[in-house]
Amino acid sequence: MERQLGNPVSPRTTCTCCAAWFDTHFGRRRFLQVAAGSFTAAALAPWHAFAASGKYEAMVLSCIDPRFQEPVSKYTAGRHLTGKYSQLTIAGASIGVVAPAFQDWHKTFWDNLGASIQLHSIDKVIVLNHRDCGAAKLAYGEAAVADSAAETKTHRDALAEFRKQLADRHPKLGVETGLMALDGTFEVMS
């Protein structure tokens, strides 16, 4: 026995058990919900494409250390950069990009920077190294961070090497480098 469902969008079916399923899943209300959702998604698609590309101010390179996520966020907000930068976090920030101990990570950073240049049209990189960095100790040994003077020199040298490599690879990009303390204060190192 063939049954025609009263719903105009339901297909013809010969099975009464399937008729209830079609009525539930393909009713007029459901059809309109799906159609409205599809229309909205199609209308917003160009906006989403723009959101992923466009002109942004910088890439911010910072460390993965959980203690510094909030200070980095406050620092960038204080500079009115919220929503205006791409971000990459890697252990040690510049140390993760230049230290021989982390050689396998270097390509990842440079590839990400290239994508940020292409997608976001950035014109500078802001590098935020930090004090009491475990990656600095892993990369350069205990003596490299034994006291404040040694720690400062270690970061100053890593940031200088980062600036050199950036200038070699992307000479048109600007760069800002510095060292953040545990309390969020920032010391420019150029």
### Message
Being more than 20 Å from the chain's Cα centre (by Cα), modelled with pLDDT under 95 and not hydroxyl-bearing (Ser, Thr, Tyr) is true for just one of 183, 147, 157, 168. Which residue is that?
### Response
183
### Task
Sort through 55, 74, 107 and tell me the only one that's touching a Gly at 6+ places or on another chain (Cβ under 7 Å) and either surrounded by fewer than 19 Cβ atoms within 10 Å (Cβ to Cβ) or closer than 25 Å to residue 172 by Cα (or both).
74
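Being in contact with a Leu (Cβ under 6 Å, 6 or more places away or on another chain) and either surrounded by 15 or more Cβ atoms within 10 Å (Cβ to Cβ) or without any contact (Cβ under 8 Å) to a residue 12 or more places away in the chain (or both) narrows it down to one residue among 152, 185, 177; which is it?
Exactly one of 152, 185, 177 is in contact with a Leu (Cβ under 6 Å, 6 or more places away or on another chain) and either surrounded by 15 or more Cβ atoms within 10 Å (Cβ to Cβ) or without any contact (Cβ under 8 Å) to a residue 12 or more places away in the chain (or both), namely 177.
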### Message
Going through 156, 169, 163, 131 one at a time, which residue ends up being closer than 22 Å to residue 70 by Cα, assigned by TED's automatic domain parsing to the domain that holds residue 89 and basic (Lys, Arg)?
### Response
131
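The values are calculated or read from the model by the stated rules, or taken from the named source; none is laboratory data. Quick caveat, the model's predicted, so the values are computed rather than measured. Positions of Cβ are generated from backbone atoms using ideal geometry, with glycine treated the same way; all protein chains shown enter the neighbour counts.
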